[in-house]
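Asks: Starting off with a structure, shown below.
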């Protein structure tokens, strides 16, 4: 067994364990921290595949961005003594049955697919210039349109957020 | 095995070769991991002790005092005595705290600083990880450290800790942007995110000289924003002693407190090392284009001395800030970032792109 395989099993074990803990934990912040572990271990997979760019994106966006936001909102809203109530039995059984169906479907697809071992594939570090050119490229496989649309969407979301929290000018304070 | 102080690549290559000759490949790789890990651990400990001593001495000089002077000559063993005191102190368990998260938080903080340190080029051929996205990796990993601070503040179940953690979270999340943008300035200049390539690109002059005005602006922004990101004075609101006892680590004692304390100093070193690498050439000696004789004289000073010389110069600057400026209020702090630093760094990126397109740099 090579180290690569060992690392794969280690990371998979971490992801599986903490995914289960994330949804079963009854303390909110603990669940968020378990989610952080899952996301960091996923970044570990990308490092294992020598795709460092995606790994760094995973770390900045998910682990450093989204989880920090989640933790921050938990800090603002919940107290340490808060605990989730136990779910109602019928909800639990619904969840378990959905899990069983989804798991069976995934397993069936995976097992029935005929994986072909590609010969002579070497790991090549992805060139940053290539990613940049492709992202803003207008030719074949260029993503400039989607890139621009997403930036307009983000701008609209930001303006909407500012407008929705902006207070109306207090008429009284103007007269004072 | 020949130790060449000018380039460590022969030394590391020969260690690698001998390990592979002696044992199976996977065992050799594992041994290398352990060796490098131990080396970093040792470096971490020594650096931590030294930086605390340095801070106390620099602070003393600024305030016209002598500073630590009893334990050993010039008090150089003072921090070792302090360390022994810290590790023998009782670890106080907190009632009604979330034990798991409370104990986890110091480790998150310290592990992230370890991960960042692994990517630093200390000297020619002395770098543990050399990713082709080096700077991006550093920004990505260092953004995880704040999770530890937030968890520490929340799980302590104390109001001081919680307020400290909130302040720290708001501060780190906002100043991260300016740090990233000012680092991007050098990426635009050198056309690469790989740290070794960036250092090599400064063989004919450091970027702070070659990139003249925009590089200088980026450096000043980086210095301010990174001081804020590591929660150091004048931006140390997260642990403002006069208001919050000790901020997010109020409830910690003994070795767990030492972890936070150590990580803070190591983060200062990391921030200074990144500034030295990107703006001041890292381990690259002071070279001036076409001055062959001068360059050769500079090459006689080993690269590791250049690196640590520059890094400690910037550490001195950061310490100077702390003991000179009074602490900011939280609204002033956020105003500074969102109203001044961020627009300025965005404009600076545009300016740099223009300068690079026109070729107006050396």
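Asks: Return the pair list, or none, for Cβ contacts closer than 8 Å from residues in the range B:261-288 that are free of Cβ contacts under 8 Å to residues at least 24 places away in the same chain to residues that are assigned to a loop (DSSP other than H, G, I, E, B), at least 6 apart or on different chains.
Replies: B:285/B:301
Asks: Ok, one more. Considering only residues of the range B:165-215 that are within 14 Å of another protein chain (Cβ to nearest Cβ) and not in a helix (DSSP H, G or I), which is farthest from residue B:123 (Cα to Cα)?
Replies: Among residues in the range B:165-215 that are within 14 Å of another protein chain (Cβ to nearest Cβ) and not in a helix (DSSP H, G or I), the one farthest from residue B:123 (Cα to Cα) is B:191.
Asks: If residue B:140 satisfies every condition in (1) at the interface with another protein chain (Cβ under 8 Å from one of its Cβ atoms); (2) in a helix (DSSP H, G or I); (3) over 16 Å from residue A:44 (Cα atoms) but one, which is the exception?
Replies: Exception for residue B:140: condition (3).
Asks: So, residue A:29, is that one surrounded by fewer than 19 Cβ atoms within 10 Å (Cβ to Cβ), within 10 Å of chain B (Cβ to nearest Cβ) and either closer than 23 Å to residue B:99 by Cα or at pLDDT 85 or above (or both) or not?
Replies: no
Asks: Also, I was wondering about something else. Within the bounds of the range B:300-309, is there any residue that is assigned to a helix (DSSP H, G or I) and under 14 Å from the mean Cα position of the chain (by Cα)?
Replies: yes
Asks: Take the conditions away from chain B (no Cβ under 13 Å), more than 26 Å from residue A:48 (Cα to Cα) and either exposed (fewer than 11 other Cβ atoms within 10 Å of the Cβ) or in contact with a strand residue (DSSP E or B) (Cβ under 8 Å, 6 or more places away or on another chain) (or both) and apply them to residue A:138. Does it pass?
Replies: It is true that residue A:138 is away from chain B (no Cβ under 13 Å), more than 26 Å from residue A:48 (Cα to Cα) and either exposed (fewer than 11 other Cβ atoms within 10 Å of the Cβ) or in contact with a strand residue (DSSP E or B) (Cβ under 8 Å, 6 or more places away or on another chain) (or both).
Asks: Count, please, the residues in the range A:55-82 that happen to be more than 7 Å from chain B (Cβ to nearest Cβ), part of a helix (DSSP H, G or I) and either crowded, with 19+ Cβ neighbours inside 10 Å or touching a residue at least 40 places away in the same chain (Cβ under 8 Å) (or both).
Replies: 3
Asks: Quick check on my filter: what residues within the range B:68-117 are part of a loop (DSSP other than H, G, I, E, B) and crowded, with 18+ Cβ neighbours inside 10 Å?
Replies: Selection gives B:68, B:97, B:98.
Asks: Is there any pair with a first residue in the range B:314-334 that is without any contact (Cβ under 8 Å) to a residue 12 or more places away in the chain and a second that is outside any helix (DSSP H, G or I) and surrounded by 13 or more Cβ atoms within 10 Å (Cβ to Cβ) whose Cβ atoms are under 6 Å apart and which are 6 or more apart or on different chains, and what are they?
Replies: Final answer for the pair search is none.
Asks: Just to check your reading of the model, which residue among A:18, A:47 is surrounded by 10 or more Cβ atoms within 10 Å (Cβ to Cβ), at pLDDT 90 or above and not assigned by TED's automatic domain parsing to the domain that holds residue A:131?
Replies: Of the residues listed, the single one that is surrounded by 10 or more Cβ atoms within 10 Å (Cβ to Cβ), at pLDDT 90 or above and not assigned by TED's automatic domain parsing to the domain that holds residue A:131 is A:18.
The values are calculated or read from the model by the stated rules, or taken from the named source; none is laboratory data. It should be emphasised that the depicted structure is a prediction, and the values quoted were computed from it without experimental measurement. Cβ coordinates were reconstructed from backbone atoms using ideal geometry, including for glycine residues, and neighbour counts include every protein chain displayed.
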